[in-house]
1. Given a Förster distance of 60 Å, report the FRET efficiency between residue B:76 and residue A:22 from their Cβ-Cβ distance, rounded to the nearest 0.05.
2. Based on the Cα atoms of segment A:1-123, what semi-axes does the equivalent ellipsoid have, where each is the square root of 5 times one gyration tensor eigenvalue, given in whole Å with the largest first?
3. Going down the list A:101/A:277; A:120/A:201; A:185/A:257; A:120/A:236; A:69/A:176; A:28/A:101, which pairs span over 22 Å between their C-alpha atoms?
4. The protein assembly as shown: Rg/Rh from Cα coordinates, Kirkwood Rh?
5. Given springs between every Cα pair under 10 Å in a Gaussian network model of chain B, which of B:189, B:221, B:234 has the largest fluctuation?
6. Which percent, to the nearest 5, of DSSP beta bridges fully inside the protein assembly as shown are antiparallel?
7. Over chain B, what is the relative contact order in percent, taking alpha-carbon pairs closer than 8 angstrom and at least six residues apart?
8. For A:194, A:154, B:280, what's the largest-to-smallest order of accessible area, 1.4 Å probe?
Protein chains: 2
Amino acid sequence: MLDIAIVGAGPAGLSAGINAKIRNKNIKVFGNPFNTSYAYKAERIDNYLGMYGISGQDLIKSFVEHANKMELEIHQGRVLEIYDMSGTYTLNVDNEFFETKTVILANGVTMDKSLEGEAKFLGKGVSYCATCDGPLYRGKTVALIGDSPIAEEDVNYLSEVCEKVYYIPTYKDINKVNDQVEILKDKPTAIVGDEIVESLKLKDKDLDVSGVFIIKESVPTTRLLQGLEIENNTIKVNRFMETNLKGVYAAGDCTGKPFQVSKSVGEGTTAGLQAVKYLDSNK
Amino acid sequence: MLDIAIVGAGPAGLSAGINAKIRNKNIKVFGNPFNTSYAYKAERIDNYLGMYGISGQDLIKSFVEHANKMELEIHQGRVLEIYDMSGTYTLNVDNEFFETKTVILANGVTMDKSLEGEAKFLGKGVSYCATCDGPLYRGKTVALIGDSPIAEEDVNYLSEVCEKVYYIPTYKDINKVNDQVEILKDKPTAIVGDEIVESLKLKDKDLDVSGVFIIKESVPTTRLLQGLEIENNTIKVNRFMETNLKGVYAAGDCTGKPFQVSKSVGEGTTAGLQAVKYLDSNK
């Protein structure tokens, strides 16, 4: 059982992690590769106090180096869902399960733009996890919509089990996709069917498919944890970064503007220390 | 007329300053010498993300260097009072006056422990400003209570105009006090008199004086700005670091726990950007 599970390995998540680590808690940080963070792509950052004129890449590297020096455990993977187990929480991380006493959500800005039919067919042909549900589509035709190169691993996996795989990337530079995958530069508009998924409508054509996989860099917060209070599309927190759920904290871009590294780092510190306080008073 | 007056040159104040500076605002930061900040005295700071294991001194130096590179204007001095001029504010900084459109309070933890009789005799023998009120005590006997070496300049000034000056330092290492000043290592307990101050009671003896000067490193927030809402001894702010007064923001230790550098820096960023937003929408 973890003391603290941190969702997100950006500035907020790492800051929460190092602060809780100093207090000797058993922590795991779950996140995407570091080079996928927004800050990493910034050419120059002038407003993180103490590091004038640093590149986003160097700033993130210094953060990761700090975390490594403190032996913060970082687990690369996508948190697909968090279950409230009344008193504790269970995380589904790429279909591996982790139990924890507290959760710090530091999952950044996660836009929740659903596709028409997406909610209706969830579990009836729509899936957010290729490695979990891929085997159900053995020998069938599926489509995968991906918003970042992270989805390529999923599409390549599907190409090994499915008869035919269409890949609709919504980002620019494709990294590495198997030859048998058909890449379509098109815009998904709706998922249609009767009881189960029958086709994916794109702007220019329709695809007859049995399954539609939607792989986003992060699962939208609204879908991550049932019962979490959201306000103006961000997680509602108080000045101690407490959410409405006991033992659940949030920090960084997911709590709202301004979207600045120092704001995220500061909130991460507060969230980490508040989680420690909660753990110590509930021993 | 300044766009933004920042009270305090610690991590929160400097962070607010650099963020507003990037947006081309006319800013002045008012504060004590850098080596008086709490963080400066820390032997080692492990939780400011990106700078593992740095000394407090080096961390503060890197903050000041950052501010200097961005040509942030820092004015050394104590902000004695802030006047609400309905729409703008006027700062009394060691009896020099500055007008400003907005104020960011980043004045750290300022304990407001009043001495018995202090409030009663304010203006009737009790003063918070030696250079302002010193001349009123020409040829008389006064006492000065100081909580840091900052007060020594005041006590030396008084020794030039007053007949006799007692100095009661409440800190350890005295830096430089004129020979004619009588230093007493004692604890002040009360200011007494009838209509005006007649004596200062110490734990071990009483002093017959006409004036008592109380010089603190920072003026307690509760005394700084009339009408500012305080909650649990800290300035009440919302998630955008707005106080109850229009155009007045707060950041850092003065808004409450945790007292951590990264929390202060993050809040400074938010306060700075929020002040800019306010200025831009009230042009």
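The values are calculated or read from the model by the stated rules, or taken from the named source; none is laboratory data. On a predicted model such as this, the values are computed, not experimentally measured, just so you know. Glycine gets a Cβ as well: all are built from the backbone with ideal geometry, and neighbour counts include every protein chain shown. All accessible areas refer to the heavy atoms of the entire protein, side chains included, with ligands and DNA or RNA removed. Shrake-Rupley method; radii C 1.70, N 1.55, O 1.52, S 1.80 Å.
1. For R0 = 60 Å, the calculated efficiency reads 0.95.
2. Square roots of five times the eigenvalues give 27, 21, 10 Å.
3. Too far apart for the 22 Å limit: A:185/A:257; A:120/A:236; A:69/A:176.
4. Taking Rg over the Kirkwood Rh, I get 1.11.
5. For chain B, modelled as a Gaussian network with Cα springs under 10 Å, the answer is B:189.
6. 40
7. Value for chain B: 23 percent.
8. My answer, sorted largest first, is A:194, B:280, A:154.
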